[in-house]
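Asker: Sharing a structure here in structure tokens format.
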Amino acid sequence: MRISVLLLTLACIINCKENMSKKQAAHIDFEHKRHNMVAKQIISRGVSDNRVLKAMRSIPREKFVLPAYMDQAYEDYPLPIGYGQTISQPYIVAYMTEVLQLDGTEKVLEIGTGSGYQAAVLSECAAQVFTIEIVEPLCNQARELLADLNYDNVHVRCGDGFQGWPEEAPFDAIIVTAAPPDIPPALMEQLAHGGRMIIPVGKYIQHLKLLTKDMTGMIAEEKLIAVRFVPMTGGK
Ligand code: SAH
């Protein structure tokens, strides 16, 4: 008897919390927050690619975070998405996408789907997006959400991204959103001639690296800003 009362109370607390956050969410002007985020966090730091800015002004980022964090969805920091993983800070999403110089015609590979937010941004900036997530529940959740929001050009695969997606290679652009200690060779191979890859590399200290493959297949590497990503797992 006591246990069932306790369980009922617990269920109510959890339920009420969820209902509350939904109710509160209904009063939040997310569109206003989105525009503010783009102006204050992204344009002000130098990102100017119109495709990226347009995508980030329209994608409902609040749907990609855990309900408890909905009111913080447009803040200037990463947020937990469960399973020890995070959705990146909006500016980092914008910066990495801009570096890829997408014109809407590309086939893009993303490693580390996470919440699916970065994939949604890519979906509005490129033609086709292939994205791989190693944590199965996150993978399934992202696939469902992206389908619900009609991002029909995004293909989600559950598995280890270290080997890339050989059946769909080559890719005009590759973006990695978890940090490996070194650049996985399969990803370099799957980058098209004339393609660009952005990837955080390092164990404790990480830097974003931009790799460009020219038309002869020669690769050039450029070290960009210091970052902090969750580690890339798998690769065995
Ligand atoms: N791009 C995401 C954020 C990524 S967090 C977003 O927009 O929300 C990094 C993600 O990479 C995590 O979800 C983690 O589970 C995943 N990951 C780590 N190692 C991986 C691997 N080897 N292959 C695929 N995904 C991996």
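Asker: Return one number: the angle in degrees, 0 to 90 and rounded to the nearest 10, between the long axis of the Cα atoms of helix 2-26 and the longest principal axis of the Cα atoms of the chain.
Answerer: Roughly 60 degrees, rounded to the nearest 10.
Asker: Ignoring ligands and nucleic acids, what accessible area does Glu98 show with a 1.4 Å probe (Å², nearest 10)?
Answerer: Around 40 Å² of this residue is reachable by solvent.
Asker: Let me ask something additional. Averaged across orientations, what area in nm² does the convex hull of the alpha carbons in the chain project?
Answerer: Average projection, Cα convex hull of the chain: 14.6 nm².
Asker: Test of understanding: what is the full-extension gain from Glu189 to Lys40, defined as 0.36 nm times their sequence separation minus their Cα-Cα distance?
Answerer: Taking Glu189 through Lys40 to full extension adds about 49.9 nm, to one decimal.
Asker: Place a point 7 Å from Cα of Ile225 in the direction of its Cβ. Which residues in segment 22-61 have their backbone N less than 12 Å from it?
Answerer: 41-48
Asker: Now a separate question. Using only Cα atoms, locate the centre of segment 174-204 and the centre of segment 128-149, then give the distance between them in Å, rounded to an integer.
Answerer: Each part reduced to its Cα centre gives a spacing of 20 Å.
Asker: Oh, and also: Quick check: at a probe of 1.4 Å, how many percent of the accessible area of the chain sits on carbon and sulfur atoms?
Answerer: C and S atoms contribute 55 percent here.
Asker: Using a simple charge model, +1 on the beta-carbon of Lys and Arg, -1 on the beta-carbon of Asp and Glu, nothing else, what dipole does segment 19-134 show about its Cα centre, in debye to the nearest 20?
Answerer: Computed about the Cα centre, the dipole is about 280 debye.
Asker: So how much accessible area does Ser44 have, in Å² to the nearest 10, using a 1.4 Å probe?
Answerer: Near enough 80 Å² of accessible area.
Asker: In terms of solvent-accessible area of protein heavy atoms at a 1.4 angstrom probe, what is the ranking of His27, His193, His35, highest value first?
Answerer: His27, His193, His35
Asker: Here's another thing I want to ask about it. What is the sum of charges, Lys and Arg at +1 and Asp and Glu at -1, for the other residues whose Cβ falls under 12 Å from the Cβ of Ala142?
Answerer: -2
Asker: Right, something else. What accessible area per residue, rounded to a whole number of Å², is obtained for the chain using a probe radius of 1.4 Å?
Answerer: 52
Asker: Treat segment 46-138 as a sphere of radius equal to its Kirkwood radius over Cα pairs and apply Stokes-Einstein at 37 °C in a medium of 0.692 mPa s; give the translational diffusion coefficient in µm²/s, rounded to a whole number.
Answerer: In µm²/s, the coefficient rounds to 243.
Asker: May I pose another question? List the pairs from Lys33/Lys54; Lys33/Lys107; Lys203/Lys223 whose alpha-carbon separation is above 20 Å, in the order I gave them.
Answerer: Checking Cα-Cα distances, Lys33/Lys107 exceed 20 Å.
Asker: Right, something else. According to a simple spin-label model (label point 7 Å from Cα along Cα-to-Cβ), what is the distance in nm between Asp103 and Asp214?
Answerer: About 2.0 nm, to one decimal.
Asker: Mind putting a number on the dipole of the chain about its Cα centre? Charges go on the C-beta only, +1 for Lys and Arg and -1 for Asp and Glu, and I need it in Debye to the nearest 20.
Answerer: Dipole about the Cα centre, nearest 20: 780 debye.
The values are calculated or read from the model by the stated rules, or taken from the named source; none is laboratory data. Here the structure is a predicted model, which means the values were calculated and not measured. As a convention, Cβ positions derive from the backbone with ideal geometry for all residues, glycine included, and neighbour counts pool all protein chains shown. In case anyone asks, the SASA skips ligands and DNA or RNA and just uses the protein heavy atoms, side chains included. Shrake-Rupley method; radii C 1.70, N 1.55, O 1.52, S 1.80 Å.
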